[in-house]
Amino acid sequence: MCVYCTPGGIGLSTGPPGVSRETIAAGPGNVSRETLGGGAVAEYRPVLDYGASTYERDFWLGQGRDYEDRAERWALRRLLPPSGGRLVDVGAGYGRLADLYTGHAQVILLDYSADLLRDARQRLAARPPLTVAASYYEIPLADGACDTAVMVRALHHAADVPAVLRELRRILRPGGTLVLEHANKCHLKAVLSYRLGRAPTPFTLEPKEFAYLNFDFHPEYIRRHLALAGFAVEEERAVSTFRLPLLKRVVPARLLAALDGVLQRPLARFHPSPSVFLRCRAVGDAGTPPPGRPLFRCPRCHAPDLRPEGPGGLVCGQCGAAWPIIEGIHLFR
């Protein structure tokens with residue numbers, strides 16, 4: 001299911017009647033702008049909603065991806081701070097990687113799909129994290145609210161990468177850590193296919209949309225937009241380099257992932273892998289986070305003034321918008 005995220009909420013892809021829309025980013029994502037009544041302008045970006053999908057069962061469990069899961073965990077254990085204050089996993093899905101965050105004082109799982117977050121709460125019932133259903137274009141966390149952010153297997157669905165990276169930088173304190181994964185456009189198989197005349201060049205910077213809202217990115221494209229958003233890349237790793245069906249059939253996942261892990265840093269400069277992991281630092285003067293940092297901000301008016309409204313939700317003290325909490329999930333969609 002695809003919906004469009006606006007600064008004031010969610011609109012259908014057709015847009016409100018009687019408004020004008022112009023495409024402002026042709027190609028991937030088809031980001032558009034609408035002129036509303038009174039001259040107000042709203043930008044619309046498509047967001048992929050897994051809804052009531054069986055993503056965990058259909059993509060991970062028993063689907064031959066044990067090697068990829070192990071290789072990604074190898075990278076994350078070496079890129080993530082082992083401990084810290086507040087960590088948010090953006091695009092967390094059903095919480096596949098949440099067991100890696102136990103050293104952090106507070107863990108937030110954020111995903112657009114409330115159904116996947118419900119699965120996460122069931123999986124992690126012994127130590128349930130804070131779960132937030134929201135778009136990564138309008139993250140309902142206050143400026144500088146987090147010490148660490150993680151985004152794995154989610155950026156490849158982003159129609160507007162610069163907007164997502166700006167949001168990630170906004171919610172991180174100066175000196176905070178971002179661990180970001182992106183799909184690699186110019187991995188070894190893509191380069192070989194091009195050299196054999198079977199595929200177009202993978203070396204252009206623009207994202208490649210190989211299926212609706214599924215993008216591969218040139219590593220330099222991501223690095224440039226990270227810098228523009230206010231991040232400095234500290235380490236890169238080539239992950240899942242051996243994602244080949246034959247190898248995965250004949251070599252045990254444990255051994256293949258161990259070899260992958262050993263080669264992640266040495267191979268990173270050559271970009272051979274379909275997946276790239278980066279550790280980035282939020283540029284700015286790092287200091288001790290102030291006590292009592294606000295956690296949420298209103299997605300509608302951006303005021304960090306959300307107050308409890310009984311046991312069932314929050315209300316914005318500035319614009320009055322109400323944001324419910326249902327089955328333990330904060331709904332900001």
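The values are calculated or read from the model by the stated rules, or taken from the named source; none is laboratory data. Just so it is clear, the model here is predicted, and its values are computed rather than measured. No Cβ is skipped: glycine too gets one built from the backbone with ideal geometry, and neighbour counts run over all protein chains shown.
Some values worked out for this structure:
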{"item": "Any hit, segment 289-297, residues being over 28 Å from THR177 (Cβ atoms) and either of a type outside the set (Phe, Trp, Tyr) or out of contact with any helix residue (DSSP H, G or I) (no Cβ under 6 Å at 6 or more places or on another chain) (or both)", "result": "no"}
{"item": "Scan of segment 119-156 for residues that are outside any loop (DSSP other than H, G, I, E, B), over 25 Å from ARG78 (Cα atoms) and at pLDDT below 95, ordered by number", "result": "ASP119, GLN122"}
{"item": "Count of segment 97-132 residues which are closer than 17 Å to LEU295 by Cα and surrounded by fewer than 22 Cβ atoms within 10 Å (Cβ to Cβ)", "result": "4"}
{"item": "Subset of segment 293-320 [over 25 Å from the mean Cα position of the chain (by Cα), part of a loop (DSSP other than H, G, I, E, B) and of a type in the set (Gly, Ala, Ser)]", "result": "GLY317, GLY320"}
{"item": "GLY175, sole failed condition from (1) out of contact with any Pro (no Cβ under 9 Å at 6 or more places or on another chain); (2) part of a strand (DSSP E or B); (3) closer than 30 Å to TRP323 by Cα", "result": "(3)"}
{"item": "So ARG166, is it surrounded by fewer than 23 Cβ atoms within 10 Å (Cβ to Cβ), in the same structural domain as PRO274 (by TED's automatic domain parsing) and out of contact with any helix residue (DSSP H, G or I) (no Cβ under 8 Å at 6 or more places or on another chain)", "result": "no"}
{"item": "Flag if GLU181 is crowded, with 23+ Cβ neighbours inside 10 Å, touching a residue at least 60 places away in the same chain (Cβ under 8 Å) and assigned to a loop (DSSP other than H, G, I, E, B)", "result": "no"}
{"item": "Segment 302-317, residues that are exposed (fewer than 15 other Cβ atoms within 10 Å of the Cβ) and more than 21 Å from LEU117 (Cβ to Cβ)", "result": "ARG307, GLY310, GLY317"}
{"item": "Among the residues listed as HIS302, HIS330, HIS271, the single one being on the phi > 0 side of the Ramachandran plot and not assigned by TED's automatic domain parsing to the domain that holds THR131", "result": "HIS302"}
{"item": "Single unsatisfied condition, VAL88 versus (1) under 22 Å from PRO291 (Cβ atoms); (2) touching a His at 6+ places or on another chain (Cβ under 6 Å)", "result": "(2)"}
{"item": "Test: residue in segment 145-152 that is surrounded by fewer than 17 Cβ atoms within 10 Å (Cβ to Cβ) and either in contact (Cβ under 8 Å) with a residue 24 or more places away in the chain or in the same structural domain as ARG243 (by TED's automatic domain parsing) (or both)", "result": "no"}
{"item": "Any chance ALA227 is at pLDDT 95 or above and closer than 22 Å to ARG77 by Cα", "result": "no"}
{"item": "Of the criteria (1) touching a residue at least 24 places away in the same chain (Cβ under 8 Å); (2) surrounded by 13 or more Cβ atoms within 10 Å (Cβ to Cβ); (3) of a type outside the set (Gly, Ala, Ser), which one ARG254 fails", "result": "(2)"}
